[in-house]
């Protein structure tokens, strides 16, 4: 069906009008009372849309022209250089429908920096070169150049995108992808409105400054973030600075995000976190939240007062505006799992028609105890696939890889390692090296499938903390079923183990189980949830704990699997999986240009 | 002659010991009295070297392994991220002998930034791909990658090197190249010791922050530098900061450079300037300086009390330590041609055996009047080729190109233009595009050889300041003689015209003349100095003036000709010359990888 047909045009126009307005919070009516006609039209349109059944509409192609720049921004009132997309950080929301093809023409306008954007949660089936992982699936986009990312969004749900080169994600290069159901298909839960909330933490140092510290002797950690951001807005206490010039508390860029709700209505909040470091607890003062989606999978609903969310995760929660409508409420995010040194991130849950900036009469919560691992583990375990939407996992796996997560040193530099190997990727991206059979591009020996289970004490600092730098990869038999057991351990600090949110590219995996302590090879596998495990793309590994995953190696390509903490990934906390490389189609030359792929091919006569 | 032969080993070891110690000021003996043996050995060695005649020694290959990193440095006491080579800014000095081959393996360890280094003043005869001009003669070196620059230093003299990609030069990526005469050949002047002084200005903002301002609406200029550096050392007044944390006046990195002299001895000072913006006046309190070399050419000696030096220029001056030896003297650099807002840059001219840090009893000079254009013009005109070393220019030229220098706007953005064209280079570097005949890479139309001479009023702001963005190039007939007349004009500010130091890659040119006002086509050419013009690679264009150059288009390649002010070049103040492209040898694939040169070439069976 072509877009010139009237019914489609009506649909598109109505849909875009209403949905974009709602999802991006760009509705002026509620926050600006002068414009009340627009929202009514929007609501009518949206309602009309929901009632109609356009199941015959074919998948469309959605075009985005994005320009990446450095710009001065003040997301938390402190002015610093941020990486923007079309002038914005967070960048524009990609709003599409299941089955659509997304085409993003990404123009790199940075002066000297390359760039790459990863479409987090999109599996890139048939398009592994569009995964956007600099050094893994593509050469990065050079200054002045353009790359076209083209991929299909094949599953409805809430996803994100972000820079995946250097530490550019935390420089502001991130945003949301929302994939709606096909026409005529309904969600298994009901709500009135859809809202998008993206969470981040924010540093005042540049990513180059942070990376320099991380790769120095003595090691300088990035430290706790200066602010927490909700939809790109935070509030740094400018009075902490003796030179307040760069910090202006009245800058509208750092006025808190306002989520306006109509009393009695139910809101689907699509919440994503792309923090550089922080695990967060999200809370709406006085309101229950029903968790219904995680990383694009339906969740057997459960109610929380605070939602734990780790970097790389997305959730949908349903919230009913059922509290005293005469006041506003705090939306808060707080750091958990690390001793917090960052103020609570704030937004306003604004009951219409209260003034959107009317401060709630209460003190914002500082969240749960930061070191209450038990509570966080419980919420992880509570996530199950929704009845009626269970994709049952294979009951057995063909291979199990145990990855011991350790903090290490190499030549005196601080690193993170898996089974004692810390990843440094080669100059020729893995995908190209494997497809073109460039066996000299990286070490062809396989990394180990396990560690010294018998004698390694995960509760103690390792006797020898030294690791090895490696660019080896795990090559998986195509269509095999693979288990990954992430095993946490003590860091180089006595009595310390950290939370690592692990993200797998190109796949969703079943989360088979979590446990505390050392994974027991003979017994823990028997406790796996093989009945209704949730499928996710990002999962926490809790301090001193283990997390077990299962996935099918059925997506031809090369896929990163890594800790989503930006500094941990930078310090080598990643592995690489290859599967079905021989089934990958011809690579576009546009992803080449680095390592062994520098040359000019004269056109054939 | 192989380096394993004893005489060579002796020579090399002695030479390197003495010369490196002296030229780089790393001699500890004079500044640290505990180590007096070493200097004696060094002196003896150097004297022995000078007396010997190793004229049979063949040209050698000198290998350098350089790693480029970001590191925190405090060159003016203020701590900021700088780009370093092997941990240093300025980088290591390249010390070679005429005819040597230099091989620099440049490893880019930056996280997300590409890099390229230009060997300023080295003509790259036969190796145009080693010129190091990012986007012009090579794709830049990507993070994690290495490029081997290989070139012959075919003329003795004082040169520099520096980043030539984005605005990385001013981030600290620069250094000195010294090419000594062949063995057995003497300089036409005598001196006892050789010292190297490299000048720079220094900003506290990063180059990304500066570039962002330059490409913003409203335009934010980089402004005057915070400090002036002599051999990488300046002194910012930390008390100007209310947050002094990043500024530490006692940091040894910003202790002033000390040039220790033995009373009665004559010193050759090799002085180079690589300022981002500032034209400088260099002075040694109470000491005359005899100018003997400029950009590698011998100068008919003349005496100055202050030396004007523009970014991209080098000079050798002879200074005799003939003043009261009981005290030290200030070495000063001051901004000229722009109203100074930067403190005088200071170093200490230390008479042995006074304590090197003993402050001179006088107030440092603030230099000549900043707007005394007449005096600066006079010094420019005073530079002539030395008798006995005159390379007479062709008496006529085959082509004259007049370049009107104007400040402009394009779509509201501030730019600089030549004949109303502001250069934006293509994604495929010119050298590759021309050699591979990629005619779609840039606009094949020629840029104009002149402007509207008759009616353009160089003393007024142009009626229409708008320029056009262009990537056109001047294609020169191989072996033809080309004249360039640089014509200055009023900027977009009433009663303002700036100084532009113009630098030509791949050549030295004859400086035929300077004048004030509009160049007169019918009469000014008759006043050219065709008898003993100096040959240079960088030349100032004075406010409201003109400068006439002549060169022979006899070096196959593609060569940038541009204003050496970093921000002006960034804003488009450059043109490109092509000559003899068909004579250029096969390009190494290592310089490719950008624009149209992304692919993997399978090795031929």
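Observations on the model:
- In chain A, the DSSP-assigned H stretches of four residues or longer account for a calculated mean residue ellipticity at 222 nm of -2500 deg cm²/dmol, using -39500 (n - 2.57) per stretch and the full residue count as denominator.
- Packing-based exposure ordering (other Cβ within 10 Å, fewest first) of A:463, A:384, B:409: A:463, B:409, A:384
- The other copies place their residue B:241 label points at 1.4 nm from this one, listed shortest first, where each point is 7 Å from Cα along Cα→Cβ.
- Nearest-first distances (nm) between copies at residue A:303, label 7 Å from Cα via Cβ: 9.7
- The Rg/Rh ratio for segment B:544-605, using Cα coordinates for both the radius of gyration and the Kirkwood hydrodynamic radius, is 1.12.
- Normalised by 2.2 N^0.38 Å, where N is the number of residues, the C-alpha radius of gyration of segment A:226-281 stands at 1.46.
- Highest mean packing comes first when the peptides A:193-200, A:585-592, A:432-439 are listed by Cβ atoms within 10 Å, giving A:193-200, A:432-439, A:585-592.
- Ratio of the Cα radius of gyration of chain B to 2.2 N^0.38 Å, where N counts its residues: 0.94
- Residue-normalised convex hull volume from the C-alpha trace of segment A:292-383: 120 Å³ per residue.
- Note on segment A:329-397 and segment B:425-477: Cα centroid distance 58 Å, given to the nearest whole angstrom.
- Inter-probe distance in nm under a simple model that places probes 7 Å from Cα toward Cβ, at residue B:88 and residue A:457: 4.8
- Viscosity 0.890 mPa s, temperature 25 °C, Stokes-Einstein D of segment B:140-247 from Kirkwood C-alpha radius, µm²/s: 139
- Averaged over the residues of peptide A:133-139, the number of Cβ atoms from other protein chains lying within 10 Å of each residue's Cβ is 1.
- Here is how far apart the residue B:359 label points are across copies: 5.0 nm, shortest first, using a point 7 Å from Cα toward Cβ.
- Across segment B:172-280, the mean sequence separation of Cα contacts (distance under 8 Å, 6 or more residues apart), normalised by length, yields a relative contact order of 39 percent.
- Separation of segment A:238-317 from segment B:218-260 is 43 Å, based on Cα centroids.
- Maximal additional length on extending the residue B:391-residue B:243 stretch stands at 47.7 nm, based on 0.36 nm per residue less the C-alpha distance.
- Taking label points 7 Å from Cα along the Cα-to-Cβ direction, residue B:65 and residue A:372 give a separation of 5.5 nm.
- In terms of Cα atoms, the Rg and Dmax of segment A:399-587 work out to 16.2, 50 Å.
- Using the Cβ-Cβ distance between residue A:532 and residue A:204 with R0 = 45 Å, the FRET efficiency computed as 1/(1 + (r/R0)^6) comes to roughly 0.55.
- Averaging over all projection directions, the Cα-based convex hull of the protein assembly as shown occupies 50.8 nm² in the image plane.
- Taking a ≥ b ≥ c as the square roots of the Cα gyration tensor eigenvalues, segment A:512-567 comes out oblate, since a/c reaches at least 1.5 and a/b does not exceed b/c.
- Whether segment B:340-422 is rounded, prolate or oblate, judged on the alpha carbon gyration tensor where a/c under 1.5 counts as rounded: oblate
- Cβ crowding within 10 Å averaged over residues, with A:445-457, B:256-268 ranked highest first: B:256-268, A:445-457
Each value in this text was obtained by applying a stated rule to the coordinates, not by laboratory testing. Since the model is a prediction, treat every value here as computed from it, not as a measurement. Ideal geometry is used to build each Cβ from the backbone, glycine not excepted, and the neighbour counts take in all protein chains shown.
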